[in-house]
Amino acid sequence: MSLPAPKADAVADGRTTAELGDVLPRTAEVKDGHLFIGGVDMVELAREQGTALYVYDEEDLRSRIREYRTAFEGRYPDAEVIYASKAFLNKAMVRLVDEEGASMDVSGGGELACALAAGFPARRIYMHGNNKTPEELEEAIAAGVGCIVLDSRIELRRVDEIARRHGVVQDVYMRITPGVEADTHEYIRTGMEDSKFGFTMLDDFAFNCVEDVLKAENVHLRGLHMHIGSQIFRLHPFGEAVEIAIELLARIKERYGIEIEDLDVGGGVGIAYLAGDRPSTVDEFAQITTDALRRSCAKHGVREPRVLTEPGRSISAVAGVTLYKVGILKTLPGIRKYVAVDGGMSDNIRTALYHAEYEAAIANKAAQPRTEVVTLCGKHCESGDAVVLDGSLQHPDLDDIVCVFGTGAYCRSMSSNYNGQPRPAVVFVKDGAARLVTRRETYADLLACDID
């Protein structure tokens, strides 16, 4: 794995940190030349807690959940917002989601265990995954999760059997792949026909499987679920997918005489990773999905179902940043300027995985313009280990504190111990106070599972 060729046309944008717009957490500001988030000086925080360090703007997280609830519940009263915990999860985040009145989507036993350990109500948990193990299904049903999203007929049989043993009737959704291709990276498209997720609509497969679900004695088909992809800017595919789902609801009503109660339209609204990005708004997302739902229900003569949405990235990404310390500077004339930091692909695999793009700034030089083009590289033994490729940055010096924006989603979740690197701590900041919510791993943690 290696880096892509240098961008021949890369030019420093000259922006100061305050001019980066929507990539900044909502409470970010520059004071006395330093970057502050949640009223906390990021330079001082880095010195106190060490680097690499994940930092979350707590008020930003809360405001984005409220924004989703206002947009959907204000336009469609019978709506529910579900936080997709795969984007970022720890006990503090679980409690925050609960306090803000949202439900929670978990994928796998570990995410379920975290939610339950933090006291999240099981009835407001939705269990996802294309290959939930029998053990994970057992854990979910025993805990009393509100809904399991079925991904296959094999899983249907497992859920039915486990629910029978527990003496319950388990609410389920069927996940369908509507065949709608979203305009996003191929690795994060999930609604096209060639997908490992859900019941395909090809050859009426999903419709034919409905009968299997209805015949199962220990499950109740409460709804349909779909997810067409992530980081989507152009929203019209959501409307198309809703129309396909409502047509399926109408066919189910016609064949079996039942009306499906819920429709989960997934998540996937894009966020601004770069200063020039102009993603659609949450309100636009709510409007296009609910308008399509009402229009399609009227067309096909079916009752309007409850509508659910499950945002993850668009709640946590911009609210989170990562702080690093500069350790090495290396210039290759006519090629690249490398700025090496004390983290990298172990705390943010996205750049190495699919050349994700980020904005960065030096927190202790936040008021200065970004006058240089650099590659912010990591400390790991991979040529492709980078966090920012050919991006703008203030003139770097050793021991500067670099802040990379928009890292609140999938960075902590996908982190690793590559090269024996302990995972960073997580800090929430709000109203001038910093709160350690996940401690930094130690070498002892790395060795804890080994047997002597």
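Going by what's in this entry, would MET226 be described as more than 30 Å from ALA409 (Cα to Cα) and within 30 Å of the chain's Cα centre (by Cα)? So MET226 does not fit the description; no. Of all residues in the range 129-138, those satisfying the criterion of being modelled with pLDDT of 95 or more and in contact with a strand residue (DSSP E or B) (Cβ under 9 Å, 6 or more places away or on another chain) are LYS132, GLU136, LEU137.
When ALA361, ALA340, ALA367, ALA386 are screened for being modelled with pLDDT of 95 or more, closer than 22 Å to ALA425 by Cβ and touching a helix residue (DSSP H, G or I) at 6+ places or on another chain (Cβ under 9 Å), only ALA361 passes.
Within the range 264-289, the residues that satisfy the criterion of being surrounded by fewer than 24 Cβ atoms within 10 Å (Cβ to Cβ) and of a type in the set (A, V, I, L, M) are ILE271, ALA272, LEU274, ALA275, VAL282, ILE288. The number of residues in the range 48-71 that are surrounded by fewer than 17 Cβ atoms within 10 Å (Cβ to Cβ) and in contact (Cβ under 8 Å) with a residue 40 or more places away in the chain comes to 2. Applying a threshold of 9 Å to beta carbon distances and a minimum spacing of six or more residues, or different chains, the list of pairs starting in the range 14-40 at a residue that is without any contact (Cβ under 8 Å) to a residue 24 or more places away in the chain and ending at one that is of a type in the set (D, E, K, R) reads LYS31/ASP41; ASP32/ASP41; PHE36/GLU29.
Just one of the listed residues (GLY74, GLY146, GLY101) is open to solvent by 10 Å² or more (accessible area, probe 1.4 Å), among the small types (Gly, Ala, Ser) and closer than 23 Å to ASN218 by Cβ, and it is GLY146. In the range 18-35, what residues are closer than 24 Å to THR438 by Cα and surrounded by fewer than 22 Cβ atoms within 10 Å (Cβ to Cβ)? ARG26, THR27, listed by residue number. Note on the range 372-426: residues that are surrounded by fewer than 20 Cβ atoms within 10 Å (Cβ to Cβ) and β-branched (Val, Ile, Thr) amount to 1. Each residue in the range 296-319 was checked for being within 19 Å of TYR76 (Cα to Cα), touching a residue at least 24 places away in the same chain (Cβ under 8 Å) and among the small types (Gly, Ala, Ser), and 2 of them qualify. Could you please find all residues in the range 329-361 being of a type in the set (A, V, I, L, M, F, W, C) and without any contact (Cβ under 8 Å) to a residue 60 or more places away in the chain? Residues satisfying the conditions are LEU332, ALA340, ALA360. Annotation: of all residues in the range 161-218 being out of contact with any strand residue (DSSP E or B) (no Cβ under 6 Å at 6 or more places or on another chain), among the small types (Gly, Ala, Ser) and modelled with pLDDT of 90 or more, the one that is most open to solvent (accessible area, probe 1.4 Å) is GLY167.
The one condition from (1) touching a Cys at 6+ places or on another chain (Cβ under 8 Å); (2) over 30 Å from GLU29 (Cα atoms) that PRO333 does not meet is (1).
Looking only at residues of the range 119-170 that are closer than 22 Å to THR309 by Cβ and in a loop (DSSP other than H, G, I, E, B), we find that the one that is nearest to the chain's Cα centre (by Cα) is GLY129. Does LEU353 satisfy being under 19 Å from the mean Cα position of the chain (by Cα) and over 22 Å from ARG26 (Cβ atoms)? It is true that LEU353 is under 19 Å from the mean Cα position of the chain (by Cα) and over 22 Å from ARG26 (Cβ atoms). Being touching a Leu at 6+ places or on another chain (Cβ under 8 Å) and of a type in the set (Asp, Glu) is the filter here; which residues of the range 78-93 pass it? Of everything in the range 78-93, just one residue is touching a Leu at 6+ places or on another chain (Cβ under 8 Å) and of a type in the set (Asp, Glu), namely GLU80. Figure legend. Inter-residue proximity from the range 202-231: first residues closer than 21 Å to GLY129 by Cβ and basic (Lys, Arg), second residues assigned to a loop (DSSP other than H, G, I, E, B) and at pLDDT 90 or above, beta-carbon distance below 6 Å, spacing 6+ or different chains. Indicated pairs: ARG222/GLU261.
Residues in the range 74-90 that are under 23 Å from ILE148 (Cβ atoms) and either more than 17 Å from the chain's Cα centre (by Cα) or not aliphatic (A, V, I, L, M) (or both): ASP78, ALA79, GLU80, TYR83, SER85, LYS86, PHE88.
In the set TYR324, TYR358, TYR338, which member is open to solvent by 40 Å² or more (accessible area, probe 1.4 Å) and either within 24 Å of ARG15 (Cα to Cα) or of a type in the set (Lys, Arg) (or both)? Just one listed residue meets the conditions, TYR338. Highlighted here are the strands (runs of 3 or more DSSP E) found entirely within the range 1-107 that include at least 2 residues which are under 30 Å from ARG294 (Cβ atoms): 79-84, 103-107.
The values are calculated or read from the model by the stated rules, or taken from the named source; none is laboratory data. These numbers come from a predicted model, not from an experiment. Note that each Cβ is placed from the backbone with ideal geometry, even for glycine, and that neighbours are counted across all protein chains shown. Surface accessibility is based on the protein's heavy atoms, side chains included, excluding ligands, DNA and RNA. Shrake-Rupley method; radii C 1.70, N 1.55, O 1.52, S 1.80 Å.
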